[in-house]
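The values are calculated or read from the model by the stated rules, or taken from the named source; none is laboratory data. Quick caveat, the model's predicted, so the values are computed rather than measured. For neighbour counting, all protein chains shown are included, and Cβ atoms are generated from backbone atoms with ideal geometry for every residue, glycine included. Please note that ligands, DNA and RNA were not included when accessible areas were found on the heavy atoms of the full protein model with its side chains. Shrake-Rupley method; radii C 1.70, N 1.55, O 1.52, S 1.80 Å.
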Amino acid sequence: MSTDFAEATTETTATPLRDATDTMRAMVYEDYGDAAVLHEAELETPKCLPGQVLIQIAASSVNPIDYRLRRGEMRALMPGGFPRVPGYDVAGWIAAAADDAPFPVGQPVIAFLDSVRGGASAEYAVCSIDAVTPLTKPMPIEKAAAIPLAGTTALQSLRDHGKMATGDRVLINGASGGVGMFAIQIAKAYGCIVTAVASRKNQSVCEAWGADQFIDYRTTDYTTTGQQWDLIFDAAGKASYLDSRPVMTEGARFVSTEPDVKGLFMTAVTAPFSKKAKVMLAKPNAEDLRTLVDLYNDGKLKIEIDSTYPLARLGDAHRRVEEGVDHGKVVVKVNQ
């Protein structure tokens with residue numbers, strides 16, 4: 001399969017689209033555990049209902065939520081139901097569509113799968129049309145697959161929950177990770193002044209993404225620098241609202257991606273105050289994907305790939321993310 005969408009975007013007949021069969025190859029797990037529980041299986045190819053499309057998947061990417069779900073860390077929120085196909089990021093082509101879908105068969109797209117159980121680590125997936133956006137210009141498959149969940153998380157965290165505005169001083173903790181990569185560049189695109197917090201070895205890449213200031217968390221605690229910020233985005237899920245509160249300006253917001261009980265409690269109790277905390281979970285949204293694609297096409301969004309794996313080695317891809325990626329995204333190519 002082609003390594004990018006260039007031909008498929010400019011000439012639909014060049015799309016390497018196959019006729020969907022009754023069954024498909026997928027990577028699944030049938031119980032919680034480490035990456036060894038992932039194995040290949042043959043599943044029934046999903047059928048799209050009104051309001052949905054069937055996507056032939058070219059590539060996906062691995063996010064921390066994927067291995068956390070696989071390990072059972074959120075079983076209280078999502079009990080039972082196996083086998084499961086992990087993953088939410090999809091880059092591929094429309095293979096079939098209901099009559100109300102705005103996409104033709106063969107259209108290159110990216111999607112943030114709206115099924116709570118995922119489904120991206122397979123040859124096909126269904127998705128609501130409200131969580132799919134077309135690619136109208138050439139984009140490498142690997143970079144397209146890296147966008148949906150991490151990019152949407154960064155965009156919604158900063159714009160919707162953080163209420164960022166031009167000129168705001170924004171601190172991003174965990175700035176070199178997959179979400180941080182998007183967050184730095186989105187904040188800069190919106191005219192913010194960005195402080196990146198990460199390890200020293202990632203300073204150059206954070207600055208290349210546009211960070212105005214860099215803090216090495218191993219040697220400096222940002223809460224002790226004497227500076228203040230209008231928005232603190234904890235992309236790593238490791239910072240503390242209470243520790244950060246003294247370095248937040250009046251009316252500032254603290255946004256975290258860590259959906260634990262403590263974080264949810266902090267969201268509730270700080271609601272009446274001027275300095276608010278918010279734990280967010282990204283919501284699939286086609287318009288947000290369109291915004292991210294436009295930023296890429298306008299040259300305002302660089303996407304770095306850490307490594308790529310074939311679908312059959314999804315377990316290795318999960319291990320790579322669990323061990324900690326210095327910067328960039330881990331991508332899984334379906335037919336590599």
Q. Mind ordering 205-212, 179-186 by average Cβ neighbours within 10 Å, highest first?
A. 179-186, 205-212
(Q) Under the rule of at least 5 residues apart or a separate chain, name every residue whose amide H is placed under 5 Å from the amide H of CYS192. (A) GLY167
Q: Scan around ALA235 for amide H atoms under 5 Å from its own, H built in the peptide plane at 1.01 Å from N, and keep only partners 5 or more places away or cross-chain.
A: ASN173
Q: For n ≥ 4 DSSP H runs only, could you compute -39500 (n - 2.57) per run for the chain, divide by its residues and tell me the 222 nm figure to the nearest 500?
A: -6500 deg cm²/dmol
Q.
Taking only complete DSSP H runs, can you tell me which helices of the chain stretch 15 Å or more along their own long axis by Cα positions and average at least 0.5 on the Kyte-Doolittle scale?
A. 178-189
Q | Farthest positive-ward along the chain dipole, Cα basis, beta-carbon charges - from ALA145, ALA131, LEU295 | A | LEU295
Q: Provide the solvent-accessible area of GLU30, counting protein heavy atoms only and rolling a 1.4 Å probe, rounded to the nearest 10 Å².
A: 110
Q. Hey, any idea what % of the chain's accessible area is carbon plus sulfur with a 1.4 Å probe?
A. 50
Q. With charges set only on the Cβ (+1 for Lys and Arg, -1 for Asp and Glu), what does the dipole of the chain come to about its Cα centre, in debye to the nearest 20?
A. 880
Q) For the chain, what is the accessible area per residue in Å² when the probe is 1.4 Å? A) 42
Q | Spin-label pair ASP100/ARG218, simplified geometry with 7 Å Cα→Cβ offset, distance in nm | A | 5.4
Q: Apply the Karplus parameterisation 6.51 cos²θ - 1.76 cosθ + 1.60, with θ equal to phi minus 60°, to every residue of the stretch 81-96 and state each ³J(HN,Hα) to the nearest whole Hz, in sequence, with x for glycine and proline.
A: x, 10, x, 10, 9, x, x, 10, 8, 9, 10, x, 10, 5, 9, 7
Q | Derived scalar couplings ³J(HN,Hα) [the stretch 209-222; Karplus, 6.51 cos²θ - 1.76 cosθ + 1.60; whole Hz; x for Gly, Pro] | A | 7, x, 4, 7, 9, 10, 10, 7, 5, 6, 10, 9, 8, 4
Q) Per-residue accessible area for SER61 at 1.4 Å probe radius, Å² rounded to 10? A) 0
Q: Might you report the magnitude of the Cβ-based charge dipole of the stretch 203-251 about its Cα centre, with Lys and Arg at +1 and Asp and Glu at -1, to the nearest 20 debye?
A: 160
(Q) Using the crude model of +1 on Lys and Arg Cβ and -1 on Asp and Glu Cβ, and no other charge, please compute the dipole size for the stretch 45-136 relative to its Cα centre, in debye to 20. (A) 460
Q) In square angstrom, rounded to the nearest 10, how much accessible surface does THR45 have for a 1.4 Å probe? A) 0
Q. Using the scaling law 2.2 N^0.38 Å as the reference, what is the normalised Cα Rg of the stretch 205-245?
A. 1.22
Q. How would ARG218, ARG200, ARG253 line up by accessible area, probe 1.4 Å, largest first?
A. ARG218, ARG200, ARG253
